[in-house]
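The values are calculated or read from the model by the stated rules, or taken from the named source; none is laboratory data. Values in this document were obtained by computation on a predicted structure and should not be read as measured data. Here the Cβ positions follow ideal geometry from the backbone for every residue, glycine too, while neighbour counts run over all protein chains shown. Side chains are part of the model used for accessible areas, which takes the heavy atoms of the whole protein and leaves out ligands, DNA and RNA. Shrake-Rupley method; radii C 1.70, N 1.55, O 1.52, S 1.80 Å.
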Amino acid sequence: LLQLIVRSFQQHPVSSYLYCGSICLAEFGSEGCDLQTRNHVLEMVQLFSKTTIAMLGTLDSFISNPDIVDDFFCLARRAMQKAPLELAQAGYLDEYIRCALIGMHIEHREASRSILSFLEEVLFCFSFCSLIWEVFRFDLP
């Protein structure tokens with residue numbers, strides 16, 4: 001099912017596929033879920049990311065696709081909540097942030113809200129991680 005969703009999105013980039021992927025991530029992306037299923041869901045997120053980030057390379061593309069922007073950054077926020085380390089290790093976090101910085105200039109309420117919510121989650125996650133490392137005196141990588 002996950003492969004079908006990704007393939008369909010790659011052929012016909014419609015925001016409902018991203019929304020469906022976000023729901024799959026919410027249900028099957030938690031650490032307590034089956035490891036194989038979780039890995040498939042995280043792979044789906046990476047494939048969605050690759051396609052969507054390539055699509056949203058300019059401000060004009062953000063303006064032309066506000067529904068995709070909205071659902072993509074909802075997916076990205078959920079990925080930060082469910083698997084922040086995996087997201088950072090896969091190398092997509094930098095791309096998400098670069099993409100978000102481009103999109104911050106659009107004048108679409110829902111899309112802007114999703115972008116800012118994602119960035120808020122990034123800041124929260126890494127400020128929380130820094131606090132944990134400081135409390136337990138771990139060396140930062």
Query raised in the report: Name the residues in the stretch 27-56 that are open to solvent by less than 70 Å² (accessible area, probe 1.4 Å) and either touching a Cys at 6+ places or on another chain (Cβ under 6 Å) or among the aromatic types (F, W, Y) (or both), would you?
Result: V41, F48, I53, L56
Query raised in the report: F126: among the aromatic types (F, W, Y) and either without any contact (Cβ under 8 Å) to a residue 40 or more places away in the chain or open to solvent by 60 Å² or more (accessible area, probe 1.4 Å) (or both), yes or no?
Result: yes
Report task. With the condition kept exactly as written, say whether any residue in the stretch 91-101 is small (G, A, S), open to solvent by 30 Å² or more (accessible area, probe 1.4 Å) and closer than 19 Å to M55 by Cα. Result -> yes
Query raised in the report: Which ones in the stretch 1-26 are open to solvent by 20 Å² or more (accessible area, probe 1.4 Å), in a helix (DSSP H, G or I) and aliphatic (A, V, I, L, M)?
Result: L2, L4, I23, A26
**Report entry** Single unsatisfied condition, M104 versus (1) in contact with a His (Cβ under 6 Å, 6 or more places away or on another chain); (2) without any contact (Cβ under 8 Å) to a residue 24 or more places away in the chain
**Finding:** (1)
